[in-house]
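Student: First the structure, then my questions, so here it is.
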Amino acid sequence: MKFISTRNSNHSVNFSHAVKKGLAADGGLYYPIHIPKLSKDFFDHITTYHKVEIATQALLPYVNEEMDRSSLEQIVDETLAFNIPLVHVKENIYSLELYHGPTQAFKDVGARFMSRSLAYFNEESDVHILVATSGDTGSAVANGFYDIPGIKVHILFPKDKVSNYQQYQMTSLGKNIRAYEVDGNFDDCQKIVKQAFGDKALNEKLTISSANSINIARLLPQMTYYFLAYQQIKKLGIDKNIVISVPSGNLGNITAGLIGKHMGLPIKRFISSHNANDTFVKYLQDGNYQPIQSVQTLSNAMDVGAPSNIERIDTLYTDINDLRKDVSGYSFDDKITLNKISEEYHQQDYLLDPHGAVGILGLEQDINVDELGIFLETAHPQKFASVIRQAIPSYKVEIPDLSNCHKTSINNDYNAFIDALLS
Ligand SMILES: *Cc1c(COP(=O)(O)O)cnc(C)c1O
């Protein structure tokens with residue numbers, strides 16, 4: 001499989017190049033030159049396979065020019081070394097709990113796969129991974145790359161806009177992990193990282209790579225849990241009219257699901273559920289992509305006003321009317337989100353995190369009685385303890401101890417970052 005830039009289909013690279021570079025030289029995102037189809041037989045028999053087998057089948061067509069099957073199997077086995085249960089919440093609604101990994105958010109899947117792929121391909125002694133985070137990516141990447149020889153990780157997170165728990169996970173490890181607190185928002189952090197990739201002088205000095213959801217090795221493995229969700233649903237005797245709601249920010253997670261659908265995964269349609277950052281919802285409505293300044297909400301990992309992966313979605317769907325058939329979008333404010341957390345806790349005894357709450361809201365907005373709905377529970381409620389306590393005052397909050405943590409505080413300025421990086 002070759003990978004092309006979303007901005008130039010004439011220039012293709014192989015998987016290892018795309019993984020190491022992160023972003024294409026023209027500023028586009030890497031994207032598979034075609035989407036392979038899996039056989040009907042595979043889906044018919046999916047309940048009989050082990051999860052490693054399922055994930056390997058889904059990923060092999062993308063990497064098989066450069067990675068043999070058993071190496072991929074081993075990476076997948078390590079990546080998915082935790083449970084991804086499908087939990088019944090009520091009536092026709094299920095929660096796919098993606099938070100049982102080491103940093104308690106779905107981003108563990110992409111980060112673990114990417115770190116191992118990079119280690120597999122890496123021939124250099126000193127690779128610098130740059131990553132902008134709205135919270136969960138930073139901790140997942142820090143954990144995924146911690147103590148891997150030859151790799152240094154630089155995490156940029158927005159000041160005062162991540163939870164204590166997230167900050168703790170990013171700043172407590174030390175060693176090859178360095179965290180920068182940027183006096184700005186997530187989009188500012190992302191802008192600095194993108195600028196670094198276009199910076200010729202810097203690229204001559206250092207080998208840099210990205211670990212954001214823009215990296216193809218983060219995106220593709222996220223496909224696998226949609227397959228695993230389907231397997232679990234099929235075990236219950238249901239295999240059609242499945243609707244999945246994805247709490248979305250930078251749109252990596254839903255893009256992975258849509259790629260899975262194009263590979264033949266029998267998902268009827270998707271719902272993209274957003275907080276007040278509704279750029280994609282508006283895009284679905286009027287076909288106009290109008291990035292906004294991100295606004296801060298309680299579901300901070302989705303505070304993205306200019307979602308990068310829209311470029312990949314546009315590559316997958318050249319006609320917006322086709323996209324509208326597969327995806328609908330909704331946005332919910334913080335008040336509704338808090339009410340939802342409280343309501344499900346008191347009525348169903350199910351504790352949602354603020355992102356999952358947005359996910360179930362989108363699902364309930366748009367599910368029919370003959371459909372089966374799954375929302376992705378993208379993070380553990382504990383990561384957002386102060387939000388949970390706003391919704392459920394009796395909830396007990398553990399405050400992590402940040403006193404031994406290390407971060408570098410910088411202005412929202414590219415040169416300030418470079419100075420700190422090189423110092
Ligand atoms: C990153 C994240 C999201 C948004 O995922 P995207 O791929 O950026 O759309 C949602 N929920 C949680 C908990 C996250 O960490």
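Values in this text are rule-based calculations from the coordinates and carry no lab data. The model shown is predicted, which means the values in this text are computed figures rather than measured ones. So basically every Cβ, Gly included, is an ideal-geometry build from the backbone, and we count neighbours across all protein chains shown.
Student: Taking square-rooted eigenvalues a ≥ b ≥ c of the alpha carbon gyration tensor, is the stretch 316-423 rounded, prolate or oblate, where a/c under 1.5 means rounded and, failing that, a/b exceeding b/c means prolate?
Tutor: oblate
Student: Which residue, Leu402, Asn368, Gly356, has the largest displacement toward the positive end of the dipole of the stretch 333-423 when charges sit on each Cβ (Lys, Arg +1; Asp, Glu -1)?
Tutor: Leu402
Student: On to the next question. Mind sorting Thr47, Thr337, Thr318 by how few other Cβ atoms lie within 10 Å of their own Cβ, fewest first?
Tutor: Least crowded to most crowded, the residues run Thr318, Thr47, Thr337.
Student: Next question. Give me Glu123, Glu377 ranked fewest to most by other Cβ atoms within 10 Å of their Cβ, as a rough exposure proxy.
Tutor: Ranked by crowding around the Cβ, least crowded first: Glu123, Glu377.
Student: Ok, one more. A 21 angstrom limit on the alpha carbon distance is what I want to check against. Which of Lys21/Lys191; Lys194/Lys282; Lys235/Lys268 exceed it?
Tutor: Lys194/Lys282
Student: Classify the chain from the C-alpha gyration tensor, please: rounded if a/c falls under 1.5, else prolate or oblate depending on whether a/b exceeds b/c.
Tutor: rounded
Student: Separate question: Given a 10 angstrom Cα cut-off, can you work out which residue in Tyr283, Tyr31, Tyr165 is the most mobile in a GNM of the chain?
Tutor: Looking only at Tyr283, Tyr31, Tyr165, the biggest GNM fluctuation is shown by Tyr283.
Student: Turning to a different aspect of this structure: Please arrange Asp286, Asp136 by how many other C-beta atoms lie within 10 Å of their C-beta, fewest to most.
Tutor: Asp286, Asp136
Student: Still on this structure, I have one more. Using the Cα centre of the stretch 173-223 as the reference point, and only Cβ charges (+1 on K/R, -1 on D/E), how large is the resulting charge dipole? Debye, rounded to the nearest 20. Please report the intermediate quantities before stating the final value.
Tutor: Working: 7 positive and 6 negative charges, 52 e Å.
The dipole magnitude comes to about 260 debye.
Student: To continue, here is another question. Have a look at Gly110, Gly237, Gly252 and tell me which one the Gaussian network model of the chain (Cα, springs below 10 Å) gives the largest fluctuation.
Tutor: Result: Gly237 has the largest fluctuation of those listed.
Student: Mind giving me the FRET efficiency for Ile33 and His346? R0 is 30 Å, r the Cβ-Cβ distance, nearest 0.05 is fine.
Tutor: E between Ile33 and His346, to the nearest 0.05, is 0.05.
Student: With +1 on each Lys and Arg Cβ and -1 on each Asp and Glu Cβ, and nothing else charged, work out how big the dipole of the stretch 1-88 is about its Cα centre, in Debye to the nearest 20.
Tutor: 380 debye
Student: Across the stretch 192-204, in residue order, what do the Karplus-derived ³J(HN,Hα) couplings come to in whole Hz, using 6.51 cos²θ - 1.76 cosθ + 1.60 with θ = phi - 60° and x for Gly and Pro?
Tutor: 4, 5, 4, 5, 4, 5, x, 8, 4, 4, 5, 5, 6
Student: Tell me which of Leu284, Leu220, Pro266 sits at the most positive position along the dipole axis of the stretch 184-342, charges placed on C-beta atoms (Lys, Arg +1; Asp, Glu -1).
Tutor: Projecting each Cα onto the dipole axis, the largest value belongs to Pro266.
Student: Along the charge dipole of the stretch 44-86, Cβ charges K/R +1 and D/E -1, which of Leu86, Gln57, Met67 sits furthest on the positive end?
Tutor: The one lying farthest along the dipole's positive direction is Leu86.
Student: Now, a different point. Decide, for the stretch 1-136, between rounded, prolate and oblate: order the square roots of the alpha carbon gyration tensor eigenvalues as a ≥ b ≥ c, take rounded if a/c falls under 1.5, and otherwise choose prolate if a/b is larger than b/c, else oblate.
Tutor: prolate
Student: Please report, in debye to the nearest 20, how large the charge dipole of the stretch 316-423 is about its Cα centre when each Lys and Arg carries +1 at its beta carbon and each Asp and Glu carries -1 there.
Tutor: In debye, rounded to 20, the stretch 316-423 gives about 420.
Student: How would you rank 393-404, 64-75, 257-268, highest first, on the average number of other Cβ atoms within 10 Å across their residues?
Tutor: 257-268, 64-75, 393-404
Student: If the cut-off is 16 Å between C-alpha atoms, which lysines fall inside it for Lys396, apart from same-chain ones fewer than 8 positions away?
Tutor: Straight-line reach from Lys396, under 16 Å: Lys383.
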